[in-house]
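Participant: Let me give you the structure first, and then I'll get to my questions.
The values are calculated or read from the model by the stated rules, or taken from the named source; none is laboratory data. Everything quoted here is computed from the prediction, not taken from an experiment. All Cβ positions, even for glycine, are placed from backbone atoms using ideal geometry, and neighbour counts span all protein chains on display. We work out accessible area using only protein heavy atoms, side chains counted, and drop any ligands, DNA or RNA first. Shrake-Rupley method; radii C 1.70, N 1.55, O 1.52, S 1.80 Å.
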Amino acid sequence: MELAGKIAVVTGSSSGIGLSLVRGLLGRGAVAYGLSRRETPVEDDRFRWLQADVTKEDAVARAFAEVLVRHGQVDLLVNNAGFGFFRDIESIASEEWRRLIDTNLTAAFLCSKQVVPSMKARRSGMIVNIGSVAGKRGIRGGTAYCASKFAVNGFSESLMEELREFGIRVACVNPGSVMTGFFKGAGIQPKKYLQPDDLARLVLSLVELPDGMLPDELTVRPL
């Protein structure tokens with residue numbers, strides 16, 4: 001996909017990977033929208049921040065309605081919003097479990113559902129879901145987080161099979177530990193990290209592959 005002039009939406013855009021993705025998209029000439037609860041610190045004529053809790057269906061519908069009214073389409077959706085914690089199961093409250101699943105998984109469903117009809121009509125577009133290496137193997141204390149990211153991988157693979165006949169690409173990128181605010185309350189501290197800007201460049205390089213190529217899954221770890 002040639003990104004110049006394309007309409008892109010990034011969730012969880014206020015910091016970390018999402019913020020790096022927004023800046024990378026603008027650098028490639030795209031029109032970018034950021035969806036997050038906290039303001040995205042970007043000033044650019046081709047960027048618009050939409051305050052939205054992407055776990056809430058009505059908030060997601062309002063945000064995408066604004067994008068579609070302005071442009072009539074979304075060419076790229078990056079489902080990046082997420083958070084995590086690592087604790088033994090008996091110390092996880094039910095409401096914490098639901099909030100994590102809603103943020104990491106349900107939000108991707110709600111946002112993808114908004115963009116698929118216009119992508120199908122044009123027979124083009126791409127959805128990138130940010131998973132995790134924790135969606136590939138279980139981690140002690142990760143019953144909630146790993147469950148959500150395993151589900152993101154299953155969601156992505158199934159959606160890829162559903163949409164590829166319409167010319168729509170779906171990819172899941174599973175990074176290892178990334179140097180973001182994620183770990184401040186996660187309960188673990190990795191020894192090595194990826195940098196958000198590096199991961200954003202990797203994601204955008206997948207998007208920029210020829211439209212006839214389908215990079216459906218990629219796992220990347222710190223060396």
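Participant: Report whether or not G18 is modelled with pLDDT of 95 or more and under 26 Å from P215 (Cβ atoms).
Facilitator: So G18 passes the test.
Participant: Here are A61, A107, A121: which of them is assigned to a helix (DSSP H, G or I), open to solvent by less than 10 Å² (accessible area, probe 1.4 Å) and within 24 Å of C172 (Cα to Cα)?
Facilitator: A107 is the lone residue from the list that is assigned to a helix (DSSP H, G or I), open to solvent by less than 10 Å² (accessible area, probe 1.4 Å) and within 24 Å of C172 (Cα to Cα).
Participant: Just the residues that are surrounded by 24 or more Cβ atoms within 10 Å (Cβ to Cβ), among the small types (G, A, S) and more than 11 Å from the chain's Cα centre (by Cα), please, taken from the range 1-23.
Facilitator: The answer is A8, S20.
Participant: Continuing with this model, one more query. Right, Q114: modelled with pLDDT of 95 or more, in a loop (DSSP other than H, G, I, E, B) and open to solvent by 30 Å² or more (accessible area, probe 1.4 Å) or not?
Facilitator: So Q114 does not fit the description; no.
Participant: Restricting attention to the range 99-128, which residues are under 18 Å from the mean Cα position of the chain (by Cα) and hydroxyl-bearing (S, T, Y)?
Facilitator: T103, T106, S112
Participant: Same structure, new question: List every residue pair whose Cβ atoms lie under 6 Å apart, where the two residues are 6 or more positions apart in sequence or sit on different chains, the first residue falls within the range 195-223 and is closer than 16 Å to A4 by Cα, and the second residue, located anywhere, is open to solvent by less than 50 Å² (accessible area, probe 1.4 Å) and assigned to a helix (DSSP H, G or I).
Facilitator: L204/G24
Participant: On to the next question. For the range 69-84, state whether one or more residues are assigned to a loop (DSSP other than H, G, I, E, B), without any contact (Cβ under 8 Å) to a residue 60 or more places away in the chain and open to solvent by less than 20 Å² (accessible area, probe 1.4 Å).
Facilitator: no
Participant: Test of understanding: among E66, E90, E96, which residue is open to solvent by 30 Å² or more (accessible area, probe 1.4 Å), more than 19 Å from the chain's Cα centre (by Cα) and within 19 Å of F150 (Cα to Cα)?
Facilitator: Sole residue among the options that is open to solvent by 30 Å² or more (accessible area, probe 1.4 Å), more than 19 Å from the chain's Cα centre (by Cα) and within 19 Å of F150 (Cα to Cα): E96.
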